[in-house]
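The values are calculated or read from the model by the stated rules, or taken from the named source; none is laboratory data. Here the structure is a predicted model, which is why all the values come from computation and not from measurement. Don't worry about glycine lacking a Cβ; one is built from the backbone with ideal geometry, like all the others, and counts go over all protein chains shown. Areas reflect the complete protein model, heavy atoms only, side chains present, ligands, DNA and RNA absent. Shrake-Rupley method; radii C 1.70, N 1.55, O 1.52, S 1.80 Å.
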Amino acid sequence: MSTGKNARIPFDPSKWPFFYGWFIIFLGTLGILMSIPGQTIGVSTFTDSLIEVLAINRDQISLAYMLGTILSSFLLTKAGRLYDSYGARIVGGIGSIGLGLSLIVLSQVDKIIISLGAFGKVMPVIIIMVVGFGFIRFFGQGVLTLVSRTMMMKWFDARRGFATSFSSVFTALGFSMAPVYLELLIQEFDWNGAWMAMGIAAAFVFPIVIFIFFRNSPTDVGLLPDGGKLKKQTKRLLFPVVKEFSLSEVRGTLVFWVFALFLAMQAFYITGFTFHVVSIFETVNMDRSEAIDIFKPIAVISVVSSLVFGWLSDHIKLNYLLYSKGISAFMGVVGLMLLGQYEFAIYLLILGTGLMTGLFGVISTVSWPRLYGKLHLGAISGFCMTIIVFGSALGPMLFSLSESQTGNYQFAGGFTLALILILTFLATRIVNPQIALNKENNQSTVINE
């Protein structure tokens, strides 16, 4: 099915008073922010409330979250292929409705468990939460994020990093501040009221925005990436794409695995950290308010790093973004491991986490189209999302086991640190396949001449 069908309904984006791609950046950002209830940063604020009302412990809810997330990850490659076939409006609408309905059901999970006679029975409660977490993770962190980010990639080429840096700024700010605002929502409406309100917005309000304003690609409406009409020539790209890679080809390249595992490593660490942030601070005699308050400076740093690295990404090799991510992740994890021992540790934790949060949006947005082209972008992004979500599933469980078995989070921090060092070393050994192909083509041209 053509993703361009009906792209000029209910209005024609080519007649927009300015390049519609800039509005797509706004819409894609809004879509990512709407996924927050299905992201770990959104679920983490509800963790302690769920432990209390469901009468389970931290390890058990972490297990349910891990299994639900892993199950959801297996479906994301298929979701990416559906995006390639049906486009942003249909798949994005399904993702938003699915997330909203899942949140509405989960807001009543305590009543559901009681009505099923499962209260106080650990295994049935875990199974119910596995299903619930699986749905919000698949539709939120998975489908809605995948659609929003992939759509933005397609509307820009030469200025992709600059354009998406604005998205990264507001995404980083929104994600970093989410625990603060969700905490206020919970204080006002309790945990179930907060989930119900967000569920109604996702299921019945945002799909209208998607169906009216989302557009899959500029070429569907007679436009070029970065602006202009199809009949005009586009500017020469600093990093031209000479080959469109299929997903099967992508899977066989070391470059893909280094980039994907870097993103998965961050998902692993951030989900583990945010899911247990209150507990992490309590183990070093710091209270809940101090734990939640660190997200404010993290948000500021995320915003600045998103702008800077987003602009730089249009002018530098992608490897340098990975080096920066490795350094910032190292700082953040070392700060976590030294928290409570040295005064500077909390500042190191905030700085490193803020930088890596800002870099996540930049790397996940600019990398795949530059490395592999846009023809199979949905499938490639979907497969990467599978890896990222799988990594995020493991974080909360390992962090929980680290605390329950050792009384602190040092083991989880050390494991993450080892991953960072290995991946940063591998980042020095990879080359963009488009650059390699360009060199081969130039050499062939010289020989032929």
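A few points about this structure:
- Residues of region 94-105 that are closer than 27 Å to R8 by Cα and surrounded by fewer than 21 Cβ atoms within 10 Å (Cβ to Cβ): I94, I97.
- Exactly one residue out of I350, I346 is touching an Asp or Glu at 6+ places or on another chain (Cβ under 9 Å) and assigned to a helix (DSSP H, G or I): that is I346.
- Residue in region 161-169 that is touching an Asp or Glu at 6+ places or on another chain (Cβ under 9 Å) and open to solvent by 20 Å² or more (accessible area, probe 1.4 Å) present: yes
- Count of region 381-430 residues, restricted to those that are assigned to a loop (DSSP other than H, G, I, E, B) and open to solvent by 30 Å² or more (accessible area, probe 1.4 Å), is 4.
- In region 294-343, residue surrounded by the most Cβ atoms within 10 Å (Cβ to Cβ) [restricted to those that are of a type in the set (S, T, N, Q) and outside any helix (DSSP H, G or I)]: S313
- Between T406, T386, T353, T357, the distinction of being in contact with a helix residue (DSSP H, G or I) (Cβ under 8 Å, 6 or more places away or on another chain), more than 13 Å from A264 (Cα to Cα) and hydroxyl-bearing (S, T, Y) belongs to T353 only.
- Of all the listed residues (L184, L116, L173), the sole one being among the aliphatic types (A, V, I, L, M) and crowded, with 17+ Cβ neighbours inside 10 Å is L173.
- Subset of region 344-376 (residues that are surrounded by fewer than 24 Cβ atoms within 10 Å (Cβ to Cβ) and in contact with a Pro (Cβ under 8 Å, 6 or more places away or on another chain)): I350, L371
- Residues within region 248-267 that are over 19 Å from the mean Cα position of the chain (by Cα) and either open to solvent by 10 Å² or more (accessible area, probe 1.4 Å) or polar (S, T, N, Q) (or both), tallied: 7
- Annotation: V131 fulfils all but one of (1) modelled with pLDDT of 95 or more; (2) open to solvent by 40 Å² or more (accessible area, probe 1.4 Å); (3) more than 19 Å from L76 (Cα to Cα); the unmet one is (3).
- Check on A393, under 18 Å from the mean Cα position of the chain (by Cα) and at pLDDT 95 or above: no
- Members of region 200-226 found to be buried (at least 19 other Cβ atoms within 10 Å of the Cβ), more than 14 Å from G93 (Cα to Cα) and either touching a His at 6+ places or on another chain (Cβ under 9 Å) or not aliphatic (A, V, I, L, M) (or both), listed by number: S217, P218, D220, P225, D226
- Residues (under 20 Å from I380 (Cα atoms), assigned to a loop (DSSP other than H, G, I, E, B) and either of a type outside the set (A, V, I, L, M) or modelled with pLDDT of 95 or more (or both)) located in region 215-273: R215, N216, S217, P225, F239, P240, K243, E244, F245, S246, G252, T253
- Restricting attention to region 145-158, the residues that are farther than 16 Å from A267 by Cβ and either within 10 Å of the chain's Cα centre (by Cα) or not aromatic (F, W, Y) (or both) total 9.
- When residues of region 58-93 are limited to those that are open to solvent by less than 10 Å² (accessible area, probe 1.4 Å), under 12 Å from L146 (Cα atoms) and not small (G, A, S), the one farthest from the chain's Cα centre (by Cα): Y83
- Within region 11-36, the residues that satisfy the criterion of being in contact with a Gly (Cβ under 6 Å, 6 or more places away or on another chain) and either assigned to a helix (DSSP H, G or I) or not hydroxyl-bearing (S, T, Y) (or both) are S14, F19, L33, I36.
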